[in-house]
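**Q** This structure is in structure tokens; I'll ask about it shortly.
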Amino acid sequence: MQTILGAGGQIAEELARDLYRTFPHDIRLVSRNPRRIHETDELVAADLTDPEATSAAVAGSEIAYLTVGLPIDSALWEQRFPVMMANAIAACREHDCKLVFFDNTYMYPRTSTTQTEGTAFEPVGRKATVRARIATMLLEEMEAGTIEAVICRAPEFYGPGKTQSLTNSLVFDRIKEGKRPIVPLDAHTLRTLIWTPDASRGMALVGNTPDAYGTTWHLPVDPDRLSYADMVEVASQVEGRRIRYLTLPRWAFRLGGLANPAVKEAEELLPRYREDNVFDSAKFAARFPEFEVTTYREGITEILTG
């Protein structure tokens with residue numbers, strides 16, 4: 001049995017599809033209101049802030065994937081993420097289940113230095129601090145040998161379906177709607193984005209590779225980084241028309257945050273768009289050379305024509 005804790009988001013759905021397609025195991029989907037992706041999926045409704053419910057959801061599993069997401073709300077993150085991580089660790093320890101944690105890069109320094117699995121945490125802001133805390137919680141358990149676990153880390157998403165990210169909402173969704181894309185802060189800094197199906201396929205592969213446990217893996221990305229200006233140029237080629245973009249300065253986001261709480265919450269992340277973002281997945285590429293990464297051109301084409 002392979003169990004997805006926090007089913008429902010794009011990453012979890014893609015993960016369930018890949019596990020079903022590639023690894024012959026029963027699949028259990030766990031969330032407050034889980035929905036089947038395949039007829040054989042087992043559904044468990046559970047609140048992962050409840051330790052007993054989390055334990056029951058994990059019972060009988062060989063591998064549990066913690067992919068839970070929360071709305072961009074700092075207070076909510078501080079209240080729930082550490083509790084859910086503690087409960088997942090305890091449940092996996094109790095039931096002798098492996099834990100695969102899907103993580104992000106918020107805790108990394110806000111610099112242009114290349115990010116590797118060995119990059120030290122330097123969280124700035126409430127959300128980054130929470131992400132550093134829960135990753136550290138799991139790392140400490142791994143180092144102590146109390147649980148067999150692995151961390152799969154990914155940069156900002158872009159992708160099909162209901163993929164949620166600043167880039168999808170401001171750039172690609174707007175292009176699809178015939179609107180001018182909006183670029184945060186600087187159109188010419190290099191970005192590293194991960195195609196959501198690649199993130200899920202990579203996580204499934206790591207989770208089902210016994211010798212991959214006990215460490216952190218950067219999930220696979222296209223090594224040829226693009227700036228937002230480059231992405232819009234690719235989109236123009238795909239659409240067969242010239243697409244102009246608007247670069248939005250930070251003061252505009254601050255102004256928008258006065259009326260929109262979601263914009264205010266996103267402001268913490270904006271300094272990351274002022275510097276090149278180079279997320280390195282060479283370790284994954286060396287260990288899994290057969291994995292085919294989706295190029296930016298392929299991904300952008302699928303988003304705009306799919």
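**Q** From the list Arg297, Arg274, which one is over 17 Å from the mean Cα position of the chain (by Cα), in contact (Cβ under 8 Å) with a residue 60 or more places away in the chain and more than 25 Å from Glu177 (Cβ to Cβ)? Spell out how you get there, then give the answer.
**A** Details: Arg297 fails: more than 25 Å from Glu177 (Cβ to Cβ).
Criteria check complete, one pass: Arg274.
**Q** Please find, within region 157-203, the residue that is farthest from Gln115 (Cα to Cα) out of those that are hydroxyl-bearing (Ser, Thr, Tyr) and surrounded by fewer than 21 Cβ atoms within 10 Å (Cβ to Cβ).
**A** Taking the candidates together, the pick is Ser169.
**Q** For Asn208, all conditions in the list (1) under 18 Å from Phe291 (Cβ atoms); (2) touching a helix residue (DSSP H, G or I) at 6+ places or on another chain (Cβ under 7 Å) hold save one; what is the number of the exception?
**A** Going through the list (1) under 18 Å from Phe291 (Cβ atoms); (2) touching a helix residue (DSSP H, G or I) at 6+ places or on another chain (Cβ under 7 Å), Asn208 breaks only (2).
**Q** Please find, among Ala252, Ala266, the residue that is among the aliphatic types (A, V, I, L, M), surrounded by 13 or more Cβ atoms within 10 Å (Cβ to Cβ) and touching a residue at least 12 places away in the same chain (Cβ under 8 Å).
**A** Details: Ala252 fails: touching a residue at least 12 places away in the same chain (Cβ under 8 Å).
Selected residue: Ala266, the only one of Ala252, Ala266 that is among the aliphatic types (A, V, I, L, M), surrounded by 13 or more Cβ atoms within 10 Å (Cβ to Cβ) and touching a residue at least 12 places away in the same chain (Cβ under 8 Å).
**Q** Further, regarding this structure: Considering only region 243-258, I want to know if a residue exists there that is in contact with a Lys or Arg (Cβ under 6 Å, 6 or more places away or on another chain) and small (Gly, Ala, Ser).
**A** For region 243-258, residues in contact with a Lys or Arg (Cβ under 6 Å, 6 or more places away or on another chain) and small (Gly, Ala, Ser): present.
**Q** May I pose another question? For region 19-47, how many residues are in a loop (DSSP other than H, G, I, E, B), under 19 Å from Met85 (Cα atoms) and in contact with a strand residue (DSSP E or B) (Cβ under 6 Å, 6 or more places away or on another chain)?
**A** The qualifying residues number 1.
**Q** Could you list, in sequence order, all residues of region 148-161 that are within 12 Å of the chain's Cα centre (by Cα) and either of a type in the set (Gly, Ala, Ser) or assigned to a helix (DSSP H, G or I) (or both)? Step through it out loud before you land on a result.
**A** Going through region 148-161, the residues within 12 Å of the chain's Cα centre (by Cα) turn out to be 151-159.
Across region 148-161, the qualifying residues are Ala154, Gly159.
**Q** Right, here's the next one. Need pairs with beta-carbon distance below 8 Å; first residue farther than 19 Å from Leu15 by Cα and not assigned by TED's automatic domain parsing to the domain that holds Thr22 and within region 38-54, second surrounded by fewer than 17 Cβ atoms within 10 Å (Cβ to Cβ) and of a type in the set (Ser, Thr, Tyr); sequence gap 6+ or separate chains.
**A** Close Cβ pairs satisfying both conditions: none exist.
**Q** Still on this model: Kindly establish whether Ala154 is surrounded by 22 or more Cβ atoms within 10 Å (Cβ to Cβ), small (Gly, Ala, Ser) and in contact with a Lys or Arg (Cβ under 9 Å, 6 or more places away or on another chain).
**A** The answer is no for Ala154.
**Q** Of the conditions (1) surrounded by fewer than 19 Cβ atoms within 10 Å (Cβ to Cβ); (2) of a type in the set (A, V, I, L, M); (3) within 19 Å of Gln10 (Cβ to Cβ), Ala144 fails just one. Which one is it?
**A** Going through (1) surrounded by fewer than 19 Cβ atoms within 10 Å (Cβ to Cβ); (2) of a type in the set (A, V, I, L, M); (3) within 19 Å of Gln10 (Cβ to Cβ) one by one, Ala144 breaks only (3).
**Q** Scan region 118-147 residue by residue and report those that are of a type outside the set (A, V, I, L, M, F, W, C) and either within 12 Å of Asp103 (Cβ to Cβ) or part of a helix (DSSP H, G or I) (or both).
**A** Arg126, Lys127, Thr129, Arg131, Arg133, Thr136, Glu140, Glu141, Glu143
**Q** In region 162-281, which helices (runs of 4 or more DSSP H) lie fully inside it and hold 2 or more residues that are closer than 27 Å to Cys152 by Cβ and at pLDDT below 95?
**A** Working: elements: 173-176, 196-207, 228-239, 250-257, 261-266.
Because the criterion is at least 2 residues that are closer than 27 Å to Cys152 by Cβ and at pLDDT below 95, the helices (runs of 4 or more DSSP H) in region 162-281 that meet it are 261-266.
**Q** Does region 139-188 hold any residues that are closer than 17 Å to Thr305 by Cα and acidic (Asp, Glu), and which are they?
**A** Matches in region 139-188: Asp173, Glu177.
**Q** Using beta carbons and a limit of 9 Å, which pairs, at least six apart or on different chains, have the first residue in region 186-211 and among the aromatic types (Phe, Trp, Tyr) and the second one part of a helix (DSSP H, G or I)?
**A** Taking only residues 6 or more apart or on different chains, the pairs are Trp195/Tyr296; Trp195/Glu298; Trp195/Gly299; Trp195/Glu302.
**Q** Can you pull out the residues in region 110-123 that are free of Cβ contacts under 8 Å to residues at least 40 places away in the same chain and crowded, with 16+ Cβ neighbours inside 10 Å?
**A** Thr119, Phe121, Pro123
**Q** If Ala286 meets every condition in (1) closer than 21 Å to Glu117 by Cβ; (2) among the aliphatic types (A, V, I, L, M); (3) buried (at least 17 other Cβ atoms within 10 Å of the Cβ) apart from one, which number is that one?
**A** Of (1) closer than 21 Å to Glu117 by Cβ; (2) among the aliphatic types (A, V, I, L, M); (3) buried (at least 17 other Cβ atoms within 10 Å of the Cβ), only one is false for Ala286: (3).
**Q** State whether the residues of region 292-303 include one that is more than 29 Å from Gly125 (Cα to Cα), exposed (fewer than 14 other Cβ atoms within 10 Å of the Cβ), in contact with a Ser or Thr (Cβ under 8 Å, 6 or more places away or on another chain) and not hydrophobic (A, V, I, L, M, F, W, C).
**A** No, that holds for no residue.
The values are calculated or read from the model by the stated rules, or taken from the named source; none is laboratory data. None of the values given here were measured: they were computed from a predicted structure. A quick note on method: Cβ atoms are made from the backbone with ideal geometry, for glycine too, and the neighbour counts reach across all protein chains shown.
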